[in-house]
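Each remark here refers to the structure printed beneath this line.
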Amino acid sequence: MIEQQHVDAVVVGAGFGGLYQLKRLRELGLTTRVFEAGSGVGGTWYWNRYPGARCDVPSVEYSYSFDDDLQQEWDWTERYATQPEILSYLDHVADRFDLREDITFDTRVTSAAFDEDADRWTITTDGGEEVTAQFFVMATGCLSNANMPDIEGRDSFAGPTYHTGQWPHEGVDFTGLRVGIIGTGSSAVQSIPMIAEQADHLTVFQRTPTYAVPAHNRPLEDEELAYVKAHYDELRDANREMGTAFGGWLEHNDIGVLEVDEATREAQFDKRWEEGGLAFLGAFNDLLLVPEANEIVADYVRRRIAEKVDDPDVAAKLMPDTVVGCKRLCVDTGYYETYNRPNVSLIDLQDTPIQRITPTGIDTAGDSFEFDAIVFATGFDAMTGALLAVDIEGRQGRSLREVWSAGPTTYLGVQVPEFPNLFIISGPGSPSVLTNMVTSIEQHVEFIADTIEHVRATGHTTIEPEPAKADEWVAYVNTVADFTLFPRCNSWYLGANVPGKPRVFMPLPGFPGYVEQVDQIVDNDYEGFILA
Ligand code: FAD
Ligand code: NAP
């Protein structure tokens, strides 16, 4: 018989979310176990070790704000920190707050079932361990479940294959190799220039061209860092007031591109292009709302691509005709320029789709390519993938997979009806992936900790949303999304990158509006939640 351990809370995942959640639950006096599939902390930054991986939000903002000593003592070295630097930051956080002793590594949670008699969750791991807990927090990440496309013959390739989100810890030396890479999203945009420098030849398979703005990454000067540290509170406050919660100090213009003349438009775009980074889309307030406005900025980026790429045919293939910002904008260092290298070629899959992977390479409708290695930069089963990979059963044995078969239903992106005391960090229905995620994660972790404290302080044992409130919330998220241009392309926000996944817009645009609603619900005595 399996011996059960009983704790107050179980948290799954030890990335930005899980680490902070553990700290907060401990502070409430809850005995807490964290399970993490990886061998170390870091989540995204533990797994995504591909060359060129870094953050797309400035490092000083892509970091925890909950502890002033922590933000004062940590010195970011670059505008956009590399994956190793972010990982060492999260290692530092784990050590500084003594978090490791409650984390069980190399252990995947496989199932969780709610016991209605005991009002507790029973959580089972792939190591055969069973733990019961009153509270169950999924900090499993929006982008942690790698998407390996189901291409015919995928496993027949004789050489090594890599997914950017599961990169070998020892690194990969592509020197002298013929490499094929599938995908042109953020991970590809970061890794392609680096792989091209090493490989004998790199062939990029592009299904949809991407919009990338320059990062203009650079070392952070001592004075800059000192200024940030002296004004950290203001920076964080400014962040939280922005729809996306990033780029705190960059002015966001409260005027539409359609309201100004061409010279003003160009000057504003030029300024932001030279400055670099995601705040490019803050140039005007209608870019993500009005198709004609978006077309103006799209045209601007296409012209920039044409300037950077020598061969007009290649440049034309790299120019997207979709909505800018409809997928998360990529922040690049030398991406488009890489196509000027003689050892890089671009295959447009819209002309010649991939037909199969063979033992020696990739066959498209037009050609046969031989490779020594293949890289899948094909993204993730985002937002719901890691949640549904666990067999979760709520009241009356209801399976989360079945309940969400037509798309995820949550209240506030945090809780699901009939799954009491289950909390999701940055779940579908919350701003999550449309923001600086550390800011969103902190807000969720604090809300979850406060909610658990409230449940206990008021003498209740469970909390879950009213089903009608969750339905209203899903409708609300769709209404807000439909007001924007986000749903107008085949993005992973919609689940469109995974064949067969329900097409539902999952994140909620607008961080400050969301926080205001959450605060109001709390003030109204947890309106829409059932406390029992
Ligand atoms: P994660 O960091 O994904 O951690 C989840 C953890 O849960 C993982 O370690 C995983 O192993 C574990 N886990 C999952 N399922 C189980 C299970 N069943 N059992 C045990 N363990 C499990 N966001 C930004 O805002 N700015 C950026 O610049 C940025 N850059 C990114 C770059 C890359 C390459 C990627 C992939 C994402 C990026 N993101 C960025 C999004 C990023 O995922 C978040 O910013 C943040 O790191 C998420 O933290 P998390 O703790 O919620 O999830
Ligand atoms: P992604 O944005 O989903 O990109 C995946 C790429 O693979 C797309 O170009 C996609 O084409 C292509 N693809 C998928 N399946 C394919 C198939 N069967 N055949 C051909 N092409 C296929 O994934 P990602 O690049 O890993 O990024 C995911 C998210 O992680 C980003 O949006 C961002 O939020 C975060 N991220 C951030 C950074 C950063 O700059 N800090 C870096 C990496 C990731 P389609 O577009 O046609 O689907």
Original post:
Taking Thr244, is it within 16 Å of ligand 1 (Cβ to nearest atom), modelled with pLDDT under 95 and under 21 Å from the mean Cα position of the chain (by Cα)?
Top reply: yes
**OP:** Of all residues in region 357-371, count the ones that are closer than 14 Å to Ile151 by Cβ and small (Gly, Ala, Ser).
**Re:** 2
Subject >> For Gly17: the one exception among (1) more than 20 Å from Gln443 (Cα to Cα); (2) outside any loop (DSSP other than H, G, I, E, B) >> reply: (1)
Original post:
In the list Arg79, Arg49, which residue meets the criterion of being touching a His at 6+ places or on another chain (Cβ under 7 Å) and of a type outside the set (A, V, I, L, M)?
Top reply: Arg49
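Across region 107-147, what is the total count of residues that are under 15 Å from Gly18 (Cα atoms), out of contact with any strand residue (DSSP E or B) (no Cβ under 6 Å at 6 or more places or on another chain) and surrounded by fewer than 21 Cβ atoms within 10 Å (Cβ to Cβ)? Reasoning before the result, please.
At the first step, the residues of region 107-147 found to be under 15 Å from Gly18 (Cα atoms) are 107-109, 135-144.
In the following step, the residues that additionally are out of contact with any strand residue (DSSP E or B) (no Cβ under 6 Å at 6 or more places or on another chain) were identified as 108, 141-142, 144.
Now restrict to residues that are surrounded by fewer than 21 Cβ atoms within 10 Å (Cβ to Cβ): 108.
Here the count works out to 1.
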Original post:
Is there any pair with a first residue in region 424-446 that is in contact (Cβ under 8 Å) with a residue 40 or more places away in the chain and a second that is of a type in the set (Lys, Arg) and more than 9 Å from ligand 1 (Cβ to nearest atom) whose Cβ atoms are under 6 Å apart and which are 6 or more apart or on different chains, and what are they?
Top reply: Val445/Arg24
Subject >> Search result, residues across region 323-349 that are at pLDDT below 95 and either within 24 Å of Pro160 (Cα to Cα) or more than 16 Å from ligand 1 (Cβ to nearest atom) (or both) >> reply: Cys326
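If I ask for residues that are exposed (fewer than 14 other Cβ atoms within 10 Å of the Cβ) and not in a helix (DSSP H, G or I), which ones from region 232-250 would you list? Walk me through it before giving the result.
Our first condition is that a residue be exposed (fewer than 14 other Cβ atoms within 10 Å of the Cβ); within region 232-250, this holds for 233-234, 237, 241.
Answer for region 232-250, where residues must be exposed (fewer than 14 other Cβ atoms within 10 Å of the Cβ) and not in a helix (DSSP H, G or I): just Glu241.
Checking the conditions here, which among Ala9, Ala37 is in contact with a Ser or Thr (Cβ under 8 Å, 6 or more places away or on another chain), more than 16 Å from ligand 2 (Cβ to nearest atom), in a loop (DSSP other than H, G, I, E, B) and closer than 29 Å to Gln166 by Cα?
Details: Ala9 fails: in a loop (DSSP other than H, G, I, E, B).
The match here is Ala37.
The values are calculated or read from the model by the stated rules, or taken from the named source; none is laboratory data. All values derive from a computational prediction rather than experimental measurement. Note: ideal-geometry Cβ built from the backbone for every residue, glycine included; neighbour counts use all protein chains shown.
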